[in-house]
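Everything on this sheet refers to the single structure shown next.
The values are calculated or read from the model by the stated rules, or taken from the named source; none is laboratory data. Note that the coordinates shown come from a computational prediction; the quantities given were computed from them, not determined experimentally. Counting neighbours? That spans all protein chains shown, and the Cβs are built from the backbone with ideal geometry, glycine included. Side chains included, ligands, DNA and RNA excluded: accessible areas come from the protein's heavy atoms. Shrake-Rupley method; radii C 1.70, N 1.55, O 1.52, S 1.80 Å.
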Amino acid sequence: MSRLNYHHLYYFWRVASEGKLTRVAEQQHVSQSALSAQIRQLEERMGKPLFERRNRKLVLTEAGRQVFNYAEVIFTKGEELESLISRGIEPEQQTIRIGMLSTMSRNFIESFIEPLLARNERDVSFSLHAMGMTNLLNGLARHELDVVLTNTQIQPSGAPAVAWQSQLLARQPLSIIGPADLDPAAVFPEGYQGLRWVLPGANHEIRRGFDALCSLHQYQPDILAEVDDMAMLRLLARDSGAVTVLPEVVVKDELQQGRLRGYERLPNLFENFFAITLPREFMPSLVSELLSRSLKDLA
């Protein structure tokens with residue numbers, strides 16, 4: 001009985017994941033023709049085409065999607081095993097690799113890793129990697145990261161979906177925050193006529209919620225600046241004299257020092273913080289410890 005060629009299956013899986021022959025050929029140091037030939041041999045073995053071309057793009061057929069689902073399990077488990085072997089099963093020196101969305105609040109990140117900072121043992125270390133969402137998910141899929149922290153939901157894409165596990169870590173209410181010496185005469189929006197705003201960009205979830213509230217009240221904010229990066233927005237909130245909308249955790253130091261002031265919390269508006277992991281047989285104990293904390297601990 002002929003047996004499945006896992007080398008061919010691996011190349012198919014990489015192309016299906018990447019969506020481009022050229023990129024996989026470069027990564028695997030093979031020619032495009034050799035890569036295409038190996039995938040054709042797999043298709044002959046399966047007796048059905050696995051890809052079809054649409055507008056010069058490779059798209060999985062129905063049979064291709066079924067084969068990909070099996071390949072995803074096979075090779076994801078294989079990469080997990082390789083990572084486990086290289087790092088050891090619960091090694092004496094434990095290291096956790098944390099990916100974080102580059103625009104997230106650094107104060108929230110610090111609160112997340114607080115248990116690691118509080119440990120006195122020398123057998124624990126961690127690394128932090130700030131990236132965009134695509135690179136974070138790719139690193140997680142390749143087992144280069146143990147957990148990813150984000151304040152945005154994972155968006156579905158046309159590529160075959162990975163079975164991400166998304167856990168809500170905390171929900172922070174949004175507040176209007178501004179200079180400590182400013183005293184709005186009334187609640188939003190009446191007390192904010194004539195004030196300028198520094199806000200997250202139009203595609204940020206905080207901004208979308210605030211825009212909906214403004215639309216409800218027919219209020220047009222006078223925007224001085226739009227900033228996606230929370231660290232930069234924190235500086236502008238502190239130094240520009242304008243008001244902003246943020247979770248208080250982002251500017252907790254400035255609030256404690258009296259440099260900024262929270263005027264009011266906005267009704268039913270929150271920023272959500274998520275931890276994304278992959279299903280795995282052996283979850284590192286450090287990751288389990290961090291993810292088992294309650295929402296109250298991280299709030």
Amide H of residue 269: which non-local residues (sequence gap of 5 or more, or other chain) have their own amide H closer than 5 Å, using H built in the peptide plane? 174
Can you give the angle from 0 to 90° between the axis of helix 230-239 and the longest principal axis of the chain, with both taken from C-alpha atoms, to the nearest 10? 10 degrees
Computed over the chain: longest principal axis from alpha-carbon atoms vs helix 62-87 long axis, angle to nearest 10 degrees, is 80 degrees
Where in the chain is the longest stretch that carries no GluC sites (Glu not before Pro) classed as loop by DSSP and with at most 16 other Cβ atoms within 10 Å? 145-280
Heavy-atom accessible area per residue of the chain, all protein chains kept, 1.4 Å probe, expressed in Å², is 55 Å²
Spelling it out for residue 100: with amide H atoms placed in the peptide plane at 1.01 Å from N, the residues 5 or more places away or on another chain with amide H under 5 Å from its amide H are 129, 130, 131, 149
Which of the following values of semi-axes √(5λ) of the Cα gyration tensor in Å was calculated from the structure shown: [x] 30, 24, 18; [y] 38, 32, 19; [z] 45, 25, 14? [z]
Out of residues 5 or more away from residue 169 or on other chains, whose amide H comes under 5 Å of its own, with H placed 1.01 Å from N in the peptide plane? 273, 274, 275
About its Cα centre, how strong a charge dipole does the chain have in debye, to the nearest 20, once Lys and Arg get +1 and Asp and Glu get -1 at the Cβ? 1100 debye
Taking protein heavy atoms only, a 1.4 Å probe, and rounding to whole percent, the accessible area of the chain owed to carbon and sulfur comes out at 49 percent
